[in-house]
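Notes to accompany the following structure.
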Amino acid sequence: MNNEEWRALYLYLLERLAQIQSSPEIQLDELMDEIQIAASVRIHDQVEEVGNGKFERSQLKLLHELDASTTRSSTAQEAFINVMSVLSTRLTEVPELITQLETKLGRRSSEIIWLPDIDGSEVVTRELGFVAQELQISDSEHQEIKSVLSNLERLIRQASDVYTR
């Protein structure tokens, strides 16, 4: 797939999530924020060559000491892959973790509260965290989501293979 097609796929995904988010019973604000961050991550590339590709010994030593790298914006493909990773984590891995915590701790998800990491000067309050139950889904929903994500990943791989031939 070319860059424009990756971008179109990413924009379509955002559009569909926005439609879901407009429903009053579904809150996707945090997920949408995570998606925006994932899509805008800067990529660090190691500096291999500069100019004509020839370095003097002193320049190579300096580059090695500085761990020279450049940053660039994500390509549309990299952004989409990052977004899919966020979706996979939030929609499959987190619910699986909650189920494992329920079993391990012997507690219901409504009793498991995640709190953010804070430094010693902050006061921990329940309002800062969230209850695991907020991210829990049924087994059938979990299987359906995994199936949809798996099929989407397979289709994207197939499309990428067609375009790279």
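The values are calculated or read from the model by the stated rules, or taken from the named source; none is laboratory data. Quick caveat: nothing in here was measured; it's all calculated off a predicted structure. Cβ sites come from the backbone with ideal geometry, for glycine too, and all protein chains shown count toward neighbours.
Is it the case that some residue within segment 137-155 is in a loop (DSSP other than H, G, I, E, B) and modelled with pLDDT of 65 or more?
yes
Which of the residues spanning segment 78-98 are under 13 Å from residue 40 (Cα atoms) and touching a Ser or Thr at 6+ places or on another chain (Cβ under 8 Å)?
Correct list: 79, 82.
May I ask you to list the residues in segment 12-35 that are of a type outside the set (Val, Ile, Thr) and either at pLDDT 90 or above or not in a helix (DSSP H, G or I) (or both)?
Of everything in segment 12-35, those that are of a type outside the set (Val, Ile, Thr) and either at pLDDT 90 or above or not in a helix (DSSP H, G or I) (or both) turn out to be 22, 23, 24, 25, 27, 28.
For residues in segment 61-116 being under 19 Å from residue 34 (Cα atoms) and of a type in the set (Ser, Thr, Tyr), which is modelled with the lowest pLDDT?
Checking each candidate, the answer is 92.
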